[in-house]
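One structure is given here, and the rest of the page talks about it.
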């Protein structure tokens, strides 16, 4: 072996090729099958895609680096299930390009935060987290309520999502810009289209309490309120049902 | 600098920069969102500034024909200084975000100053700005010496340094204004990623060209590591950053992967950025500068081989240990855990090989802070790889994951290993390159050493404490079988440790500033002596490659 190496290290190209081969094996064995083995992602027939407003909120969550302190992945451990709810399934993030599972909990997990607090709680919390959680070390995000959402290119966002494999229909893409503002104006004409395209259960509200404009805060709260609620599959998981016991 | 380029190289440099400026200008004019326009302007202005630099030296007399007979070290000198600037900047940001966790109001209602945006500025600034520039600069030095060959041309190394720092600038400025892909340690958007691929290919070709000109029959072990660093980082970078931009005039893109596949790809990248950027590259540094400074050959040729191929093979399986108990299939988690445990063997072989090299030179470790930087780095490398393998075991990970223990582990590696070996290498290299007998002040090297070591220890110990407390509080049950602590209660307990950590980080930052001053004064005294007869630096010469080659070949 050492004699072989003694010869190998005399040829730079050969050496480089061997490095590439040796280094590629691990990733190939671990990643490639995840795309082909069907059981990797369990079926979730009731799952819907993010509305344009929720997707815009998700992009703000990414832009502000929320994932640096909040995970969206409840592990299959007893204390996590009791603290945060049913453990996360692969299907729940199947439309997440990229995923936001996170790696650190400076703050709590958010995988099932949707519906846990009121919109108003979120508005107050984003303006100054210490008004509702005195011990919080989260920054204040006052600028979100001041910044108006820029919807002009949102059909392009949905088109790109379509290209990476999210099942947006062409109708959804065509109406993206209208649906974006429609979801935050419950009294407006555009709201109906959102319900028709994304389901009757979609939250149609003025999320930030300021009906005069659609802000980044509207989008972010719309996103937070849907976290963990795009599909019921995690609650129907037989393992979870056994853990939870008879109701 | 421009005076060193031949006339043709000056023309080529001018053309390349014009091309970059045109691309930047086109981005700024056609850009459909404000952020994209800003980045177009940054590219345009960076190229324009450099064009002026080229023009200012364009009509200088062509370089002396003698130049081609000497190693080309100007790019290394520039790289070292740039690396130190990044170090101070990114460590400052790091300490700032550390204080933010203790005193969250320091965001001043400004988006760019909030934790979530500053955190990638810190990580990118350290890993790519400080670490990357140090790796590129030292690799230029090492590959020429150990090959006894000069750079094939004068322009390519400058293209690599300019292009690479333009990438870093785009990355860091992007986070401030809100451009990020959110993938940890791969945050820059698609156009910056494409640019890095171009620069990286230039870097690799340059490396191969130097090796092709070598007068040594064998490629020295430091170059194996540098090559693995360049090659594998390229593979990781390209695969993990596959994405579809929403248009060619927007900064925003959507990752090609989603959910569980994206998580696995991301942590395959993330863990191997640690492996091949922060480990392989710096092992290359260690394998050249430690034996050189100690004046001893590498302890074992065979341990070098086993360590190198073990690291190259095992590391790439280990990424899935970031995803224990998640929605990732268990078979992948188990593979990741198993290979992480096995990884300890080549890691300790590499660390042991370095420490055994010091046998017979331990008195130098006592007297010479530069060598001590390298020795302690090797010790921290050994400790943090042990800790890493330990934390990859599934039940241990159940406690440690999501807590500050991970942060402590990362910094044991980043401060104790990566930064200390880099400072050691820089303190060795600066007097050689600027033709001085020693650093301006060996006392200040000593001061830097103790600041860095105490800062690292304070940091790591406070994060071990906070991480383990956090992990235990989250899983503690009371007698009635319900969770004993709320999340907020665990957060309150962190406060004293967050302050201690920020103080440890401050020590480390002050050490780096002391280092900058010392390097600056060394360079200045070299300039003042310019014209005076040069010091002989015998250990720099042609014989160096043979001197440090392993003792027990064949």
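Within the range B:108-118, take every residue that is assigned to a helix (DSSP H, G or I) and crowded, with 21+ Cβ neighbours inside 10 Å and give me the one that is farthest from the other protein chains (Cβ to nearest Cβ).
Across the range B:108-118, the extreme among qualifying residues is B:118.
Residues that are part of a helix (DSSP H, G or I), within 22 Å of the chain's Cα centre (by Cα) and either assigned by the TED database to the domain that holds residue A:65 or modelled with pLDDT of 95 or more (or both): does the range A:147-154 have at least one?
Within the range A:147-154, one or more residues are part of a helix (DSSP H, G or I), within 22 Å of the chain's Cα centre (by Cα) and either assigned by the TED database to the domain that holds residue A:65 or modelled with pLDDT of 95 or more (or both).
Residue B:372 versus (1) part of a helix (DSSP H, G or I); (2) out of contact with any helix residue (DSSP H, G or I) (no Cβ under 9 Å at 6 or more places or on another chain); (3) more than 30 Å from residue B:324 (Cβ to Cβ): which is the lone unmet condition?
(2)
What are the residue pairs meeting all of these: first residue in the range B:57-76, first residue farther than 18 Å from residue B:206 by Cα and not assigned by TED's automatic domain parsing to the domain that holds residue B:150, second residue in a loop (DSSP other than H, G, I, E, B) and at pLDDT below 90, Cβ atoms under 8 Å, and 6 or more apart or on different chains?
As it stands, the answer is B:57/B:1, since those pairs meet every condition given.
With respect to residue A:157, is the statement that it is crowded, with 18+ Cβ neighbours inside 10 Å and farther than 27 Å from residue A:44 by Cα true?
no
Between a first residue in the range A:105-122 that is more than 14 Å from chain B (Cβ to nearest Cβ) and a second residue that is outside any loop (DSSP other than H, G, I, E, B), which pairs have beta carbons less than 7 Å apart while being 6 or more apart in sequence or on different chains?
Once the first residue is more than 14 Å from chain B (Cβ to nearest Cβ) and sits in the range A:105-122, its partners that are outside any loop (DSSP other than H, G, I, E, B) give A:114/A:224; A:119/A:221; A:122/A:221; A:122/A:224.
Within the range B:377-390, can you find the residues that are touching a residue at least 40 places away in the same chain (Cβ under 8 Å) and surrounded by fewer than 21 Cβ atoms within 10 Å (Cβ to Cβ)?
Listed by number, the list holds a single entry, B:386.
For the range A:48-62, state whether one or more residues are farther than 30 Å from residue B:177 by Cβ and touching a helix residue (DSSP H, G or I) at 6+ places or on another chain (Cβ under 8 Å).
Looking for residues that are farther than 30 Å from residue B:177 by Cβ and touching a helix residue (DSSP H, G or I) at 6+ places or on another chain (Cβ under 8 Å), one finds at least one in the range A:48-62, hence yes.
What about residue B:318, is it at pLDDT below 95 and in a helix (DSSP H, G or I)?
When the stated conditions are applied, residue B:318 does not pass them.
Report whether or not residue B:283 is surrounded by fewer than 22 Cβ atoms within 10 Å (Cβ to Cβ), more than 8 Å from chain A (Cβ to nearest Cβ) and in contact with a helix residue (DSSP H, G or I) (Cβ under 9 Å, 6 or more places away or on another chain).
No.
Criterion first (more than 28 Å from residue B:136 (Cα to Cα), within 14 Å of chain A (Cβ to nearest Cβ), assigned to a helix (DSSP H, G or I) and touching a residue at least 60 places away in the same chain (Cβ under 8 Å)) does residue B:32 satisfy it?
The answer is no for residue B:32.
Report whether or not residue B:356 is within 22 Å of the chain's Cα centre (by Cα) and in a helix (DSSP H, G or I).
It is false that residue B:356 is within 22 Å of the chain's Cα centre (by Cα) and in a helix (DSSP H, G or I).
Condition check: in contact (Cβ under 8 Å) with a residue 40 or more places away in the chain, buried (at least 24 other Cβ atoms within 10 Å of the Cβ), more than 21 Å from residue B:453 (Cβ to Cβ) and in the same structural domain as residue B:98 (by TED's automatic domain parsing). Does residue B:354 satisfy that?
no
Among the candidates B:481, B:471, B:388, B:467, which residue alone is within 30 Å of residue A:74 (Cβ to Cβ) and modelled with pLDDT under 95?
Going through B:481, B:471, B:388, B:467 in turn, the sole match is B:481.
So which of A:35, A:4, A:28 ends up being surrounded by fewer than 16 Cβ atoms within 10 Å (Cβ to Cβ) and within 7 Å of chain B (Cβ to nearest Cβ)?
A:35
I'm checking my understanding of the structure. Among residues of the range A:76-88 that are at the interface with chain B (Cβ under 7 Å from one of its Cβ atoms) and surrounded by fewer than 23 Cβ atoms within 10 Å (Cβ to Cβ), which one is farthest from residue B:402 (Cα to Cα)?
Taking the candidates together, the pick is A:82.
Looking only at the range B:208-251, count how many residues are under 30 Å from residue A:152 (Cα atoms), buried (at least 21 other Cβ atoms within 10 Å of the Cβ) and at the interface with another protein chain (Cβ under 7 Å from one of its Cβ atoms).
Here the count works out to 1.
Taking the range B:171-193 as the search range and keeping residues that are assigned to a helix (DSSP H, G or I) and within 27 Å of residue B:264 (Cβ to Cβ), which one is nearest to the other protein chains (Cβ to nearest Cβ)?
Of everything passing the filter in the range B:171-193, B:175 is nearest to the other protein chains (Cβ to nearest Cβ).
Within the range A:220-237, does at least one residue satisfy the condition of being over 13 Å from the mean Cα position of the chain (by Cα), part of a helix (DSSP H, G or I) and free of Cβ contacts under 8 Å to residues at least 24 places away in the same chain?
Scanning the range A:220-237 turns up at least one residue that is over 13 Å from the mean Cα position of the chain (by Cα), part of a helix (DSSP H, G or I) and free of Cβ contacts under 8 Å to residues at least 24 places away in the same chain.
Looking at the range A:144-169, which of its residues are within 30 Å of residue B:489 (Cβ to Cβ) and either facing another protein chain (nearest Cβ under 8 Å) or touching a strand residue (DSSP E or B) at 6+ places or on another chain (Cβ under 6 Å) (or both)?
Result: A:145, single match.
Exactly one of (1) facing chain A (nearest Cβ under 10 Å); (2) surrounded by 19 or more Cβ atoms within 10 Å (Cβ to Cβ) is unmet by residue B:196. Its number?
That leaves (1) as the condition not met.
Spot the failing condition for residue A:128; the list is (1) touching a strand residue (DSSP E or B) at 6+ places or on another chain (Cβ under 8 Å); (2) more than 9 Å from chain B (Cβ to nearest Cβ), and only one is missed.
Single failed check for residue A:128: (1).
Just one of A:124, A:133 is assigned by the TED database to the domain that holds residue A:222, under 26 Å from residue A:85 (Cα atoms) and assigned to a loop (DSSP other than H, G, I, E, B); which is it?
A:133
From the list B:267, B:317, which one is closer than 20 Å to residue B:181 by Cα, in contact with a helix residue (DSSP H, G or I) (Cβ under 6 Å, 6 or more places away or on another chain), in contact (Cβ under 8 Å) with a residue 12 or more places away in the chain and within 10 Å of another protein chain (Cβ to nearest Cβ)?
B:267
Is one or more of the residues making up the range B:120-141 over 18 Å from the mean Cα position of the chain (by Cα) and either more than 14 Å from chain A (Cβ to nearest Cβ) or not in a helix (DSSP H, G or I) (or both)?
no
Pick from B:66, B:105: which is modelled with pLDDT under 95, assigned to a helix (DSSP H, G or I) and either within 16 Å of the chain's Cα centre (by Cα) or within 14 Å of chain A (Cβ to nearest Cβ) (or both)?
After ruling out the rest, the residue left standing is B:105.
Output the number of the condition that residue B:163 fails; it satisfies all remaining conditions of (1) more than 10 Å from chain A (Cβ to nearest Cβ); (2) under 19 Å from the mean Cα position of the chain (by Cα); (3) assigned to a helix (DSSP H, G or I); (4) crowded, with 21+ Cβ neighbours inside 10 Å.
Evaluating residue B:163 over (1) more than 10 Å from chain A (Cβ to nearest Cβ); (2) under 19 Å from the mean Cα position of the chain (by Cα); (3) assigned to a helix (DSSP H, G or I); (4) crowded, with 21+ Cβ neighbours inside 10 Å leaves (4) as the failure.
The values are calculated or read from the model by the stated rules, or taken from the named source; none is laboratory data. Source: prediction; values computed, not measured. Every residue, glycine among them, receives a Cβ derived from its backbone with ideal geometry; neighbour counts consider all protein chains shown.
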